[in-house]
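Following: one structure in structure tokens, then a few remarks.
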Amino acid sequence: MKALSCAVALTLAGAANAAPDAGERAQALVAKMTQDEKLRLVFGYFGAEFNGTVPPKEAIPATAGYIHGVPRLNIPPQWQTDAGLGVASQPAPSPRARTSLPSGLATASTWNPRLAYEAGAMIGREARLSGHNVMLGGSVNLMREPRNGRNFEYAGEDPLLAGVMTGEQVRGIQSNQVIGTVKHFAFNDQETNRTTIDVKIGEAAGRMSDLLALQIAIERGNPGSVMCSYNLVNGVYACENDWLLNKVLKQDWGFRGYVMSDWGAVHSTIPAANGGLDQQSGWPFDKSPYFGPALKEAVNNGHVPAARLDDMAQRILWAMFAHGVMDAPPPVVEPEKIDFAAHAQVSRQAAEEGIVLLKNAGDLLPLAAGVRSIAIIGGHADVAVISGGGAAQVHPQGGSAVKGEGPKSFPGPIVWLPSSPKDALAARTKARITYHDGKSAEGAKRAAAGADIAIVFATQWTAESIDTPSLSLPERQDALIAAVAGANRRTIVVLETGGPVTMPWLDKVSAVLAAWYPGTAGGEAIARVLSGEVNPSGRLAATFPASEAQLPRPKIDGDPSSKEGRFRTDYDIEGAAVGYKWYERTKKKPLFAFGHGLSYTTFAYGDLQAREEGGKVIVEFTVTNTGRRAGHAVPQVYAGSHTGKWEAPRRLAGWDKVLLQPGERKAVSVTVDPRILSVYDAAAGRWMRSSGDIEFTLGGASDATAARAVLGMK
Ligand code: BGC
């Protein structure tokens, strides 16, 4: 019997790094705890001063959070840090400086799960060396809303890609005896009125979209914790949503870790405790210390069963055992042990594999050796690259390279990471390079006209708590680019944006690179791609719409000027047809399709076959480098069903990232997740595999089909 329960525990934990006896150890420890000790574990403090409230003295200054330990039982405190791009700092006079990964969307655009793991392992290491044992990333809210101010933290619009990449990042984080956190659970897909907006979504559509991304991330990453979100889902706050937390997450998915609230996302004691919340975070962000004395009273009065408090403590301890937090010595703050040079290389690699070459007319890129002069314009490209704002903000060594921009308080100011694209490019070309700040279009035009090539760096700052007002580049940069392109037809645009933007000037420029927020070594990553030292291999993890009119909600629901106003948003408009699925379903042609991305070489795809073997669907094909440079292909397989009543004509079914020398051909095999070939049946409470013909399409982007194969499913 004991052997059996152990085997069950292993299967449920679903990951190699979960100690097999974590559940038993947690249970035994809870049995020794007093009620007050259990209550200590379920109540978290903000790690910085807030509205005059000072954090416990044991907290690490300017951090996300702190939870007391139980010294009598050797339970260490939990020291929490944001987040998915590196060790962040809350606003402080001299915030800690750490390595910043490129944005989550950039890492997703690498389509390289191994890189996501290594990126996670690197920031997890920095977290531990910064004294933390809980990290508040991976972040995987699906990109339903390209104007969402937090898209830069997330992993794009496809549940499979986003889930796999985020899950790998979490596995990497947790390889450091640090608990990872999958967030924000769930449907927190816009920042406008994020704490009061009520998201309407049907169960099947939800399970096949946002929830599928979270589910895959949780299966792959086996996070110790999941953070419930600010918003309401179908009328109930996410952090007291019995259906989301108890039914979907804990019962259906078998999640064994704990649910922590987002900072200020708790609204009650009894509904939250019984609804599945295990730990209140970030006191004093909530209106009341709901999981403090009020929870004790609720347990003593029987409104919250004593077994439920045990369950909360056990889940927290399970995570601490399973991820080595209990067995490792408590982390100490020793940043001097961080190898910043090596970590910058990890960040750079993620950045350069995530940069997407959107357009390259006349093969202007890579820059030819004979280019004599280059005019670099805008984006502070002489000194820095931009980063996204909010709790995920990672601060650079030496502070922001440009000061005084953006809001004075949270989520500002804008932090510019000191990594100069101009200097990095100058080190790689004999061309004479000039810099113009782009503030006057006339001056920029003159600079561009006098050079062989003009490169405009266009930036868009996005941040937690605010969505972008539109998909346009801010601060008249569209006009700047048009002016420069008018003066020099060999104009290249490098976009440093949080997500998709529109490009009214696209026809006028020769080349466009999407460099996202490229992180600590971003300048170098951009220069390496421009110069051809790196052959671009990023592919869009999100569609670039042609205009706001194409979106399911041309205007974001809610009112950014209202703090308390309650609003609703209807996600059943597109249901599970998020991103490219929506465009294909509604036959709209976006500006750039999901999966798009050019290379300095060319690839051919063929020999596509699909078969069923032992209940698994396997798709095989070959990919060949038909050009003259080595490069990474990202072959993508999509599945479509005529009879399956799917939300959209096609779904991403799998992909690979393959390095090919010129002329080289490789065979690739992809095993399809059965859920991609199924529909969730809410009445039956399970996934139903579609029968009939499934058509697999293969290509280098969602809009570039090179081969088709049909598999008849029984
Ligand atoms: C964010 C979370 C973050 C938390 C702690 C909240 O504002 O939504 O993602 O982890 O703050 O800083």
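The values are calculated or read from the model by the stated rules, or taken from the named source; none is laboratory data. These figures come from a predicted structure and were not determined experimentally. Reconstructed Cβ throughout: ideal geometry from the backbone, glycine too, with neighbour counts over all protein chains shown.
For every residue, the table says whether it meets (1) within 16 Å of the ligand (Cβ to nearest atom); (2) buried (at least 24 other Cβ atoms within 10 Å of the Cβ); (3) of a type in the set (A, V, I, L, M, F, W, C).
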site	(1), (2), (3)
Ala121	no, no, yes
Asn141	yes, yes, no
Glu153	yes, yes, no
Gly172	no, yes, no
Thr196	yes, no, no
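Going by the structure shown, is Gly202 surrounded by fewer than 24 Cβ atoms within 10 Å (Cβ to Cβ), more than 16 Å from the ligand (Cβ to nearest atom), small (Gly, Ala, Ser) and within 29 Å of Ala593 (Cα to Cα)?
yes
Residues of the stretch 589-635 being without any contact (Cβ under 8 Å) to a residue 60 or more places away in the chain and in a loop (DSSP other than H, G, I, E, B), which ones?
Lys589, Pro590, Thr602, Gly614, Gly615, Thr626, Gly627, Arg628
Pull up the stretch 567-600, narrow it to residues that are crowded, with 20+ Cβ neighbours inside 10 Å and among the polar types (S, T, N, Q), then point me to the one that is farthest from Glu647 (Cα to Cα).
Ser599
Condition check ((1) among the hydrophobic types (A, V, I, L, M, F, W, C); (2) surrounded by 22 or more Cβ atoms within 10 Å (Cβ to Cβ); (3) within 16 Å of the ligand (Cβ to nearest atom)) across all residues:
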site	(1), (2), (3)
Asp437	no, no, no
Gly443	no, no, no
Glu464	no, no, yes
Val484	yes, yes, no
Pro500	no, yes, no
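Here is a check on your reading of the model: is Pro223 within 16 Å of the ligand (Cβ to nearest atom) and modelled with pLDDT of 95 or more?
So Pro223 passes the test.
Can you say whether Val332 is surrounded by fewer than 21 Cβ atoms within 10 Å (Cβ to Cβ), aliphatic (A, V, I, L, M) and either in contact (Cβ under 8 Å) with a residue 12 or more places away in the chain or touching a helix residue (DSSP H, G or I) at 6+ places or on another chain (Cβ under 6 Å) (or both), as far as the supplied structure shows?
Spelling it out, Val332 is indeed surrounded by fewer than 21 Cβ atoms within 10 Å (Cβ to Cβ), aliphatic (A, V, I, L, M) and either in contact (Cβ under 8 Å) with a residue 12 or more places away in the chain or touching a helix residue (DSSP H, G or I) at 6+ places or on another chain (Cβ under 6 Å) (or both).
Between Pro662, Pro674, which is more than 19 Å from Ala577 (Cα to Cα) and touching a residue at least 12 places away in the same chain (Cβ under 8 Å)?
Going through Pro662, Pro674 in turn, the sole match is Pro662.
Give the residues of the stretch 71-88 that are within 16 Å of the ligand (Cβ to nearest atom) and among the polar types (S, T, N, Q), sorted by residue number.
Once the filter is applied, which keeps residues that are within 16 Å of the ligand (Cβ to nearest atom) and among the polar types (S, T, N, Q), the stretch 71-88 yields Gln78, Gln80, Thr81.
Among the numbered criteria (1) within 28 Å of the chain's Cα centre (by Cα); (2) of a type outside the set (Ser, Thr, Tyr); (3) assigned to a helix (DSSP H, G or I), which single criterion is violated by Gln314?
(1)
Restricting the stretch 381-419 to residues that are surrounded by 24 or more Cβ atoms within 10 Å (Cβ to Cβ) and polar (S, T, N, Q), which is nearest to Ala97 (Cα to Cα)?
The residue in question is Gln393.
For (1) surrounded by fewer than 24 Cβ atoms within 10 Å (Cβ to Cβ); (2) free of Cβ contacts under 8 Å to residues at least 40 places away in the same chain; (3) away from the ligand (no atom under 16 Å from the Cβ); (4) acidic (Asp, Glu), each residue gets a yes or a no:
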{"residue": "Leu161", "(1), (2), (3), (4)": "no, no, yes, no"}
{"residue": "Gln169", "(1), (2), (3), (4)": "no, no, no, no"}
{"residue": "Ser175", "(1), (2), (3), (4)": "yes, no, yes, no"}
{"residue": "Gln215", "(1), (2), (3), (4)": "yes, no, yes, no"}
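So which strands (runs of 3 or more DSSP E) stay within the stretch 425-526 end to end and still have 1 or more residues that are not hydrophobic (A, V, I, L, M, F, W, C)?
Result: 432-436, 453-459, 491-496.
For Ala549, state whether it is out of contact with any Pro (no Cβ under 8 Å at 6 or more places or on another chain), free of Cβ contacts under 8 Å to residues at least 60 places away in the same chain and of a type outside the set (S, T, N, Q).
Criteria met by Ala549.
Determine whether the stretch 399-407 contains at least one residue that is in a loop (DSSP other than H, G, I, E, B), β-branched (Val, Ile, Thr) and more than 29 Å from Leu598 (Cα to Cα).
Checking the stretch 399-407: at least one residue is in a loop (DSSP other than H, G, I, E, B), β-branched (Val, Ile, Thr) and more than 29 Å from Leu598 (Cα to Cα).
Could you list all residues from the stretch 51-68 that are in contact (Cβ under 8 Å) with a residue 60 or more places away in the chain and either surrounded by fewer than 17 Cβ atoms within 10 Å (Cβ to Cβ) or more than 17 Å from Ser89 (Cα to Cα) (or both)?
Asn51, Thr53, Ile67, listed by residue number.
Just give me the residues in the stretch 279-310 being within 16 Å of the ligand (Cβ to nearest atom) and either among the charged types (D, E, K, R) or modelled with pLDDT under 95 (or both), in sequence order.
Asp286, Lys287
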